[in-house]
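The structure under discussion appears below in the form of structure tokens.
Readers should treat all values here as calculations from the given coordinates under stated rules, not as data from a laboratory. From a predicted model like this one, the values you see are computed outputs, not experimental measurements. Positions of Cβ are generated from backbone atoms using ideal geometry, with glycine treated the same way; all protein chains shown enter the neighbour counts.
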Amino acid sequence: MTCCASALDSRDDVIAPSFIGAEYGRKWCRVIQDAARPYFAGGIFPRELAAFLAACDACSVDWIVESGRQDGYSASVLADYGEVTGVPVASIDDVRDLARDAAARARLAGRKITVLNGAAEAVLPDAVGEGARRVALLIDGPKGRAANRLILAAAATFPIVLFAYHGWRPDSVAGRELKRWFPDTTLAELDGHEFAAFRRWEQEHVTPALRSRSFERSSLAIGRVEFAVRPWPCLLIHDRGRALLESASYVVRRLRRKPLTVPATLIARDWARRRPKRSGGGGIRTHGGSRLSGFQDRAVRPLRHPAEPKA
């Protein structure tokens, strides 16, 4: 333990992304450590979540949406943020294991968080309220190219100013794609002498049996969104026209019953059709059709491709 502590104390300070500032990082490290909640295998590491919450502070977010709840560890940490700051928080999960979801819901009961079930492509419009102006989006499912398209569609449709994606591999095809779309994307990290005590606690709290990946290497990407809300057709020319080709390929393969990942253009178009525009404004806006009011389920309509016949 002494040798491990010495190694942590001697490390150079690393704070990523660089815009968050050490004071925000220290603040959320304390909040997470003081909560002493159980960690679950496969969850986002505590220091990664502290970096995300610090980024939320730095970006002055007024709404947080999580996609991928699983055992509810990260959702509980986000609820801390909501309770400390008053920022509304919503958590989405495409539930496959009802018993696991019931246990997660029990742990979140009474917390300041709205819980929604369903695929993010279908539910996310219900998770962003009318008053949201600076939204942070945390993706822990889906993964890979599907996650990239969800982030892009959300950034083009809603007032997203910050996103995080758990499971990012910078050298993968999907990792390079996300970096190309959002150039300042970087891996979250809080390390060095300033965070040595927190890292020692984290090593004890996240035991080796609970580590499904390298503990020393972060896999949470954090990036800022710096372009404005725009109409969904603009996505067709995104990434040098690749989106247009992808959308055309998707339609053809869908008609042949060989579906691919849903393109961001079609996700954004579906959201635009479901969420009415405010009068006097251009582009896609948030609406006030359903107010978030605590711990609840919400019936959702699944994403439907426009080429499919209506029921």
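Quick notes
- Calculated FRET value between Arg257 and Lys143, using beta carbons and R₀ = 30 Å, to 0.05: 0.80
- Gain on full stretching of the segment that runs from Leu245 to Arg96 - 0.36 nm per residue minus C-alpha separation: 50.4 nm
- Theoretical gain in end-to-end length, Ala197 to Asp12 [0.36 nm per residue, Cα-Cα removed]: 65.2 nm
- Total formal charge among the other residues, if their Cβ is under 9 angstrom from that of Pro170, Lys/Arg +1 and Asp/Glu -1: +2
- Cα-based shape type of the stretch 2-274, given that a ≥ b ≥ c are square roots of the gyration tensor eigenvalues and the cut on a/c is 1.5: prolate
- With both labels modelled 7 Å from their Cα along Cα-to-Cβ, the Ser60 to Arg37 distance reads 2.8 nm.
- Here the stretch 135-184 has an Rg and Dmax of 10.0, 29 Å, counting Cα atoms alone.
- Tensor-based shape of the stretch 74-196 (alpha-carbon gyration tensor, a/c under 1.5 rounded, otherwise prolate or oblate): rounded
- Amide H contacts of Ile139 (H built 1.01 Å from N, under 5 Å, at least 5 apart or other chain): Ser67, Ala164, Tyr165, His166
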